[in-house]
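Derivation of every value follows stated rules applied to the coordinates shown; laboratory data play no part. All of these numbers come straight from a predicted model, not from anything done at the bench. Cβ placement follows ideal geometry from the backbone for every residue including glycine, while neighbour counts extend to all protein chains displayed.
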Amino acid sequence: MTSERRNSMLRTALALGAACALTACQSMTAREQGTATGAGIGAIFGAIIGSNSGNAGKGAVIGAVGGAVAGNLWSKHMEEKRQAMEKATEGTGVVVARTDDNQLKVNVPSDFSFDVGRSDVKSNMRPVLDEFAKGLDPNMQVRIVGHTDSTGSDAINNPLSVRRAESVRDYMATKGVTGGRVMTEGQGSRSPVASNETVAGRAQNRRVEIFLREPAKHGGS
């Protein structure tokens, strides 16, 4: 195959990849976005690999199929959990999102999490945690990260952020979320999401983030 012909096929395959990626639009569910984006990326890489053997078009198709499978790592159960959390927290300021590495992230701001200098779970935070704990697969992994604003020194903020994460863990333990699948950590004031120069900004930084991850699935032989 001539170089000109190979380049032409490669351009066609790359166009296919771009088209696949663009189908991951906002109207799709998170699972559909993962499938479409994975297909687009797979098509591009498949085309590049296929071009080396003179068949970029075939490589793109194979890559698209493989990419669609790899991109769809967001399970039906995780999508249902995301939708349930969004519904339960609507209008509260709690942010529910899917991360780039397919974790469910729930960000609970100070209005629902902690007062200044405190680590006890507020009463209006409990329904959010109740919904999060509901129906979890025993194999799912939970990571809880506590944060503070910049008020006070690291000597105060670092252990305070840990206590906040542990308070959330202890509350969820009463709802059956226990064992080694729950990890906690504190970030102190090191990971702000807003300016600490304003009251509103400090309130946003005084928060807890809860991550939910499904265990990696390995195929049998």
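The HN-Hα couplings worked out from phi for the range 78-84 by the Karplus form 6.51 cos²θ - 1.76 cosθ + 1.60 (θ = phi - 60°) are 5, 5, 5, 5, 4, 5, 5 Hz, whole numbers, x standing for Gly and Pro. Neighbour counts of C-beta atoms inside 10 Å place F132, F211 in the sequence F211, F132, starting with the fewest. Checking every one of the trypsin sites (Lys or Arg not before Pro) in the range 159-201 against DSSP loop status and a limit of 15 other Cβ atoms within 10 Å picks out K175, R190. Summarising the amide proton neighbourhood of M183: residues at separation of 5 or more, or on other chains, whose placed amide H is nearer than 5 Å comprise V142, R143, I144.
Reported to the nearest whole Å, the Cα centre-to-centre distance from the range 164-190 to the range 92-126 is 12. Look at S75, S153, S110 and count the other Cβ atoms within 10 Å of each Cβ; fewest to most, that gives S153, S75, S110. Taking the number of Cβ atoms within 10 Å of each Cβ as an exposure proxy, the fewest-first ranking of K105, K76 is K76, K105.
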